[in-house]
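The structure appears right after this line, and notes come after that.
The values are calculated or read from the model by the stated rules, or taken from the named source; none is laboratory data. Keep in mind that this is a model prediction, so the values were computed, not measured. Note that we place each Cβ from the backbone using ideal geometry, even for glycine, and neighbour counts take in every protein chain shown.
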Amino acid sequence: MIREAKLQDIPYIVSLSKKESFSLGFIPKSAYEAAITGYKGGKRWSNTCNDKLFVCEENGDLVGFVMFSYGKISKCNQICIQEDARLIERGKSLLSAAISHGNLVGREDFACGCADDLASNFFWKQMGWVKVGARQGISHKNTWKESSKRKVNIYRYQTSSLFTTDFGLIIPKKNETIAIYE
């Protein structure tokens, strides 16, 4: 089942992101919290957070998560399934929920980056995302400069019509789960 993340899911998300840090990179705990609450603290030009965090639950246990930013071009910040739960359509379900949410808020253009040396590139291609370029990686010391020697492939995905995706029509009622896949 895919659902919006709750604050009590943060320990699992942080733990999994640490285990998979080579593949995911680093996002601070406060960013996950902001994606759940919709509020960014600190001195910023805006306190509104346009990120969203979804989790995948199997038999009452969390097995993965996805975090997207919904700007002009929506971006997949992280998607991760724990090792013993991979290759069973869970990644596709998480991605579907995030894209559907993007469609609901008027986004049809999506992007992500995936290090060239990861098997995850196969996942993005299988999901219909198109490789449009590459860049150098970004070091944990400066998130704005391409200072890592690691090559990152850039993928794009576009939906053709508002409120629909290749994964189906999903129009939730207010305060309800956006997508449920079992």
Quick check on I81: is it β-branched (V, I, T) and modelled with pLDDT of 90 or more? yes
How many residues of the stretch 1-26 are in contact with a His (Cβ under 6 Å, 6 or more places away or on another chain) and either under 23 Å from E89 (Cβ atoms) or among the basic types (K, R) (or both)? The answer is 0
Only one of (1) closer than 15 Å to S17 by Cβ; (2) among the aliphatic types (A, V, I, L, M); (3) modelled with pLDDT under 95 does not apply to L62, and that is (3)
Flagged in the stretch 101-128 as among the acidic types (D, E) and assigned to a strand (DSSP E or B), in numbering order, are D109
Flagged pairs (Cβ under 6 angstrom, 6 or more apart or on separate chains; first in the stretch 23-35, within 22 Å of H101 (Cβ to Cβ) and modelled with pLDDT under 90; second among the hydroxyl-bearing types (S, T, Y) and assigned to a helix (DSSP H, G or I)) are L24/S17
Exception for C114 within (1) surrounded by 21 or more Cβ atoms within 10 Å (Cβ to Cβ); (2) among the hydrophobic types (A, V, I, L, M, F, W, C); (3) within 11 Å of the chain's Cα centre (by Cα) falls at (3)
Over the stretch 27-49, the set of residues under 22 Å from R90 (Cα atoms) and either in contact with a Lys or Arg (Cβ under 7 Å, 6 or more places away or on another chain) or surrounded by fewer than 13 Cβ atoms within 10 Å (Cβ to Cβ) (or both) is A35, I36
By my count, strands (runs of 3 or more DSSP E) wholly in the stretch 1-100 with at least 3 residues that are within 15 Å of the chain's Cα centre (by Cα) and closer than 25 Å to F122 by Cα are 51-58, 61-69, 74-81
M67 fails exactly one of (1) under 22 Å from Q136 (Cα atoms); (2) surrounded by 21 or more Cβ atoms within 10 Å (Cβ to Cβ); (3) at pLDDT below 95, namely (3)
If you go through S96, S30, the only one that is farther than 22 Å from R156 by Cα and of a type in the set (G, A, S) is S30
When D117 is run through (1) acidic (D, E); (2) at pLDDT 70 or above; (3) within 17 Å of N77 (Cα to Cα), the failure sits at (3)
